[in-house]
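What follows draws every value from the coordinates through simple rules; no lab data is involved. Note that this is a predicted model, so its numbers are computed, not measured. Backbone-built Cβ (ideal geometry, glycine too); neighbour counts: all protein chains shown.
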């Protein structure tokens, strides 16, 4: 499991990193808001720990941006802000939990574990792939909050690739899981649908692309 810590204080960030590593997580650190936002939208994290006092932008604005972009990753706000109004604003903006600094190391680890547990069912409903968000219940796709109109087959193809982003997916895998065929019909049906989906993604303005892996299949490039 991977955690993103958005924290500008290097000593605090390193301490949180070590606490979370000791609890079994891989940890990335973003010292500024823009780096944190970019990583949060382009990488599949199991949880995010977010400071509100960042040098380039208020952490609350980052939180609001992530939720507006469709991110459902559990977010634990960890900050020195301690007023009731601060807590309410963060929770209303989409935070899953709120920790006031300083806090015991064990509490940070426990709160992150709890946020991941609570977010597990919710995260299954949505898949983030670069700047795309897929709703696995409604089969809707959004790019920067704007809908991307896909056919049912195009959606199924995109979801299968998104769940394996960065991996090479072979044509037989696509035929079996998207078309539900146990054999190759001897046509270029996969290539045609991939080309159509690639075109729709470009028209939507997404940076996500479907890369052809010569002699093997395709891989979803998150941009």
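Quick notes on this structure:
- Estimated 222 nm signal from helices in the chain, with DSSP H stretches of n ≥ 4 weighted -39500 (n - 2.57), rounded to 500: -13500 deg cm²/dmol
- Annotation: the residues 117, 136, sorted from fewest to most other C-beta atoms within 10 Å of their own C-beta, follow the order 117, 136.
- The chain: most fluctuating residue of 84, 43, 73 per GNM, C-alpha cutoff 10 Å: 84
- Inter-part distance where the range 1-59 and the range 82-112 are each reduced to a Cα centre, Å: 14
- Here the range 7-36 is scanned for amide nitrogen atoms under 15 Å from the site 7 Å beyond the Cα of residue 53 along Cα-to-Cβ, giving 7-13.
- With Cα atoms, 0 to 90° folded angle of helix 84-93 axis to the chain main axis: 0
- Shape of the range 19-132, Cα gyration tensor, a/c cut at 1.5: rounded
- Most mobile of 151, 72, 83 in a GNM of the chain (Cα contacts under 10 Å): 83
- Taking every alpha-carbon pair under 8 Å whose residues sit at least 6 apart, the chain reaches a relative contact order of 15 percent.
- Neighbour-count ranking [beta-carbon atoms within 10 angstrom, fewest first] of 29, 75: 29, 75
- Candidates 204, 138, 128: whichever shows maximal mean-square fluctuation once the chain is modelled as a Gaussian network with Cα springs under 10 Å: 138
- From least to most packed, judged by other beta carbons within 10 angstrom and beginning with the fewest, 131, 22, 8 follow the order 22, 8, 131.
- Considering only Cα atoms, the convex hull volume of the range 130-221 works out to 89 Å³ per residue.
- For the chain, the longest principal axis of the alpha carbon atoms and the long axis of helix 33-42 meet at an angle near 30°.
- Among the listed values (i) 13.2; (ii) 16.2; (iii) 39.3, the one matching mean projected area of the Cα convex hull in nm² as calculated from this structure is (i).
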